[in-house]
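J.: Once you've had a glance at the structure underneath, I'll fire off some questions.
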Amino acid sequence: DEPTSGEITRVRFQLPSGKRLDRKFGSHETLAVLRAFLTVHFSNNQMPEILNIGLSTNFPRKTYNNEHEYGMTLKEAGLAPQAVLMVQDLDA
């Protein structure tokens, strides 16, 4: 469930299909939580599965593609209080 109190980060995911997905997360959540959310979302919505998910921002340009970065909180990654993340299939 989306958080309703505390420090909240609004994330807009730009999916490879061009669709957008908006979701709120606690600012203390990690980038790994975002990847897990996307994996479940793809599965629950009969969307093509992406096994190796990459995340990036357009401005400033930053990519999050390794295990060290996935341990960062949204706040530590500079994504709080809101961010737009491009979702890439790193195996494509």
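The values are calculated or read from the model by the stated rules, or taken from the named source; none is laboratory data. Just so you know, these numbers come straight off a predicted model, no measurement behind them. Neighbour counts run over all protein chains shown; Cβ positions are idealised from the backbone, glycine included. Accessible surface is based on the protein model in full, side chains and every heavy atom, while ligands, DNA and RNA are left aside. Shrake-Rupley method; radii C 1.70, N 1.55, O 1.52, S 1.80 Å.
J.: Roll a 1.4 angstrom probe over the protein heavy atoms and tell me the percent of accessible area of the chain that is carbon or sulfur.
T.: 50
J.: Given axes a ≥ b ≥ c from the Cα gyration tensor, I'd like to know whether region 1-43 is rounded (a/c under 1.5), prolate (a/b larger than b/c) or oblate.
T.: In terms of gyration-tensor shape, prolate.
J.: Helix 31-44 versus the longest principal axis of the chain: what is the Cα-based angle in degrees, 0 to 90, to the nearest 10?
T.: In the chain, helix 31-44 runs at an angle near 40 degrees to the longest axis.
J.: If the chain between residue 52 and residue 24 were fully stretched, how many nm would it gain, using 0.36 nm times the residue separation less the Cα-Cα distance?
T.: Extra length available between residue 52 and residue 24 comes to 7.8 nm.
J.: Okay, next question. So, counting K/R as plus one and D/E as minus one, what does the shell of residues with Cβ under 13 Å around residue 77 add up to?
T.: 0
J.: Moving to a separate point now. Once the mean 1/r over all distinct Cα pairs of region 1-88 is inverted, what Kirkwood radius in angstroms do you read off?
T.: About 13.1 Å for region 1-88.
J.: Rolling a 1.4 Å sphere over the protein heavy atoms, what is the accessible area per residue of the chain, to the nearest Å²?
T.: 63
J.: Determine ³J(HN,Hα), in whole Hz, for all residues of region 6-22 in sequence, where each value follows from phi through the Karplus function 6.51 cos²θ - 1.76 cosθ + 1.60 and θ = phi - 60°; x replaces Gly and Pro.
T.: Residue by residue, region 6-22 yields x, 6, 10, 10, 8, 10, 10, 8, 9, 7, x, 6, x, 6, 10, 9, 9 Hz.
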